[in-house]
Amino acid sequence: MNTKTLLHIAVRNQAIYIANDKKIQEVTNTLNKTTSVLLANAQKLGFTFSEALLRQLNATTPTYKNEVLEMLKEVTGTKKNWTPLVKGWDVPTGETVLDHLITVFANAIGSKKGTTLPCGHLIPEGTFPLDRYNGCPFCGTPFEFGEIENYGQGSKLKVLELWTNEDAHAYFMDLLQSKTALDATQVDSLKQLLTIYTIPEGIKIGMKETTMLVVDTLVEKEEAATAGKLFKTPTDILRYLWYKHTGFLQIIEPKTIAKRQSKNAAHIHRILDKSASAKLKSKADLKLKYSRQECRRVAQWLNELPMKAAQACEIMHPKRGMWVRFIRALRLAEYSKKKGFENLAELLDVFYNEKYTVFQGRVNYYRLRQDANKTFSMLKKRPGLFARSLFSNMLWFGAEETLAHFREVLDKIPARLVLTLNMYAQNYFNPNMQRSVKPLGGTNKRIPANGLLKLYNAEDLKAMQEKIEQLCIEAIQLRFEGQENNNETIYIGEGLYKIPLSIGDRSESVQDLPSALMGTRFPLEGSTVRLFMQWGQGLPAQHLDMDLSCRVAYPNKSNFCSFSKLNIIGCKHSGDIRSIPNKVGTAEYIDIDVDALARDGAKYVSFTCNAYSNGSITPNLVVGWMDSKFPMKISAKTGVAYDPSCVQHQVRITQGLAKGLVFGVLDIEAREVVWLEMSFVGQVVQNLDVKGVEVLLAKLDSKMNIGHLLELKATAQHLKKVDDTNVADEVYDRKWAMNTAKVTQLLVD
Ligand SMILES: [Zn+2]
């Protein structure tokens, strides 16, 4: 079991895990038969092995080699059903709206002229060309399934490296210490690793969200007291309770979840609208219920918090409503009367009688009265709060004064927050730019620029941006200078200047193939990009409609390709499936002809998927895109168009509240696909706002990249840049950058 888990996590890190006990012979130079077979099969799936890995694999048992191959098949989904609705869908079927109308009529009057399909629908003669379909063209239920026919058409193999037990453990440590919030893939990996490795004594966990996962493991092992020591504030405890209750690592208010679920359930056809019932259901889901043992555990944690009651209550204040519900559900008043729970008793007394002051309220009081001295002297006591309100204070009190005060606390602000400031400054100080923000649990929204921006002219605003950038460079340099470093040379890989430092946007989907940072650009090898979506594996046959679509943006207009428009200039869709067959799942494809779109003057293509049925995007949904220098075939017999070796990137949607999701943007001129994730509300692709995608792209561009950060380090620590990895004391290349948790260690604090 452990081996399988570690193999799975290794593939995400572009490697194969080999435990020492899996080797039966000495490492030699002659490849044995089973190794060559494994290599050949891996290549069909788009993988190859580094020399070091190949030697080690050669020394393992045939059973282990088989396990490796099975894992590669699993992550590439070769056992899933990849048959779309239309056979040879690169040639349009010519179906029309009239075909649909005649079929509606024929079925309504109970006509007998035509072909009756297993779903019960009669397809009248002279309408749909039935020999072109794998299922019912009328209701989208598939009946015929084909195998993947074409393997190994890919022109670019993914090279896998060797992963040892030490590598796996080091990765575990990196995740625990990551200084930015883990994305869905990392969370999933960490959860699995926590079942294998023990948590080292005295480790400093990098993020609150990560702490919650560790606490969870400790509680399961009945080590609640040890877990309690990891809580620093009441919010930590609330976060844990919330995580256990909803599965969300961040505290999303109940009303946000309820609103989102009812929006997802809203259907364009009135009769199918389940909004009200979904609203009721999610309200009930948020009801809290705890056992005696759980109540006691939380009471003890709160009782032992290393913090004064008034301070704790101030922290609890913004989530007062939620606390009231939790305190009641956990019967904390009852526990506070027991001996040994005196701290809890005091906490509840201060909380209920509101014997505390709220810091933010006092800051606002002075701010509104233009009292700069009082405002800033208060903000300097809370550097984090100061950082978050820095831009609006610059506009309110003036940049010079605000920044002078801010500099005094610069060393008390975590580096990642400073970098985030720089990242957002470019958009914030642009009066014409709407900002793209994503409230917790919500979809991306565009909010208008701060009204005060109108008081300043363009030059002032540009100067403000530059000042923030200067400030960030100072802050980062200060930290790098503070580090002792006896090295003399540094190697910075060219590719790192294109990889943005992941700070704000965390991906909500899981990447089982070698993972990438959001914002990573994939250069195209060929001129066709094939989108794919597979869903419903493991589920019984039912109506479950998911849609793959794309939106083409032109300078002054836009077009889309989806179930309702199967063929447009440059895009072909494989047909709309609305019901899934039993257990095997089903697939949709879109082929994008990059040359044709370039000739037509298109700029971007956004790749999107939607849940058309009521509810959120289904679990086990995989989306991604393929690319190859060579032509990628489509089976004329079945329409299957999937070849794992051509997959450039794919993600798996595990959970989430998103109704529609953008999972990539093709930049036609640059011939690159940018991997990004953006959720949007709405059942169909027409609801996606093209401007929104551009705002998001701009945000990715404004991010400081990893290469630039390393440059700062080199300057601050007097490291000489060299071009040879063999002579450099410190090597930073693409491979290093893949472990994003490790990259965040650069942020120092
Ligand atoms: Zn049918």
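Dipole magnitude of the chain about its Cα centre, charges +1 at Lys/Arg Cβ and -1 at Asp/Glu Cβ only, in debye to the nearest 20?
Roughly 2920 debye, rounded to the nearest 20.
Of the cross-linked pairs Lys498/Lys603; Lys232/Lys337; Lys603/Lys637; Lys23/Lys244, which ones have a Cα-Cα span greater than 32 Å in the structure shown?
Lys603/Lys637; Lys23/Lys244
Set the bar at 22 Å for Cα to Cα. Now go through Lys713/Lys735; Lys4/Lys158; Lys73/Lys156; Lys229/Lys308; Lys629/Lys742 and name every pair that lies beyond it.
Lys629/Lys742
I'd like the antiparallel share, as a percent to the nearest 5, of DSSP beta bridges with both residues in the chain.
Antiparallel: roughly 85 percent of the beta bridges in the chain.
Quick check for me: using +1 on Lys/Arg Cβ and -1 on Asp/Glu Cβ, what's the dipole size of region 348-416 about its Cα centre, in debye to the nearest 20?
80 debye
Across region 112-118, in residue order, what do the Karplus-derived ³J(HN,Hα) couplings come to in whole Hz, using 6.51 cos²θ - 1.76 cosθ + 1.60 with θ = phi - 60° and x for Gly and Pro?
Running phi through 6.51 cos²θ - 1.76 cosθ + 1.60 with θ = phi - 60° gives 10, 8, x, 10, 9, 9, x Hz.
In whole Å, what are the extents of region 363-408 along the principal axes defined by its C-alpha atoms, from largest to smallest?
23, 20, 16
With every protein chain kept in the model, how would you rank Phe351, Phe397 by accessible area, 1.4 Å probe, largest at the top?
Phe397, Phe351
Two decimals, Cα atoms only, Kirkwood Rh: what is Rg/Rh over the chain?
Radius of gyration relative to Kirkwood radius: 0.98.
Evaluate the charge dipole of region 483-601 about its Cα centre and quote only its size in Debye, nearest 20, assuming +1 on the Cβ of each Lys and Arg and -1 on the Cβ of each Asp and Glu.
For this selection, approximately 480 debye.
If you take the Cα atoms of region 29-93, find Rg, then find the Kirkwood Rh from the mean of 1/r over all pairs, what is Rg/Rh?
Result for region 29-93 is an Rg/Rh of 1.19.
Would you work out which of Ile205, Asn303, Leu417 lies farthest towards the positive end of the dipole of the chain? Charges go on Cβ: Lys and Arg +1, Asp and Glu -1.
Towards the positive end, the residue furthest out is Asn303.
Give the residue from Leu45, Ala728, Tyr491 lying farthest towards the positive end of the charge dipole for the chain; charges sit on Cβ (+1 for Lys and Arg, -1 for Asp and Glu) and the dipole is referred to the Cα centre.
Toward the positive end, the furthest listed residue is Leu45.
Given a cut-off of 20 Å, what percent of all Cα-Cα pairs of region 290-384 lie beyond it?
Beyond 20 Å sits 45 percent of the P(r) for region 290-384.
Students often forget the sequence filter, so: which aspartates and glutamates lie under 17 Å Cα-Cα from Lys583 once same-chain residues fewer than 8 apart are removed?
Here the aspartates and glutamates satisfying the reach criterion relative to Lys583 are Glu74, Glu144, Glu147, Asp545.
In whole percent, what relative contact order does the chain give with Cα contacts below 8 Å and a gap of six or more residues?
19 percent.
Between Ile476, Phe386, Ser155, whose Cα lies farthest towards the positive end of the dipole of the chain when Lys and Arg beta carbons carry +1 and Asp and Glu beta carbons carry -1, centred on the Cα centre?
Sorting the options by dipole projection puts first Phe386.
Taking only DSSP H segments of four or more residues, each worth -39500 (n - 2.57), what value at 222 nm results for the chain once the sum is divided by all its residues, to the nearest 500 deg cm²/dmol?
-12000 deg cm²/dmol
Where does each of Asp576, Asp411 land when they are ordered by accessible area, with a 1.4 Å probe and the largest first?
Asp411, Asp576
What is the ratio of the Cα radius of gyration of region 459-535 to 2.2 N^0.38 Å, with N the residue count, to two decimals?
For region 459-535, the normalised Cα radius of gyration is 1.68.
The values are calculated or read from the model by the stated rules, or taken from the named source; none is laboratory data. Model, not experiment: these values are computed from the prediction. Backbone-built Cβ (ideal geometry, glycine too); neighbour counts: all protein chains shown. Side chains included, ligands, DNA and RNA excluded: accessible areas come from the protein's heavy atoms. Shrake-Rupley method; radii C 1.70, N 1.55, O 1.52, S 1.80 Å.
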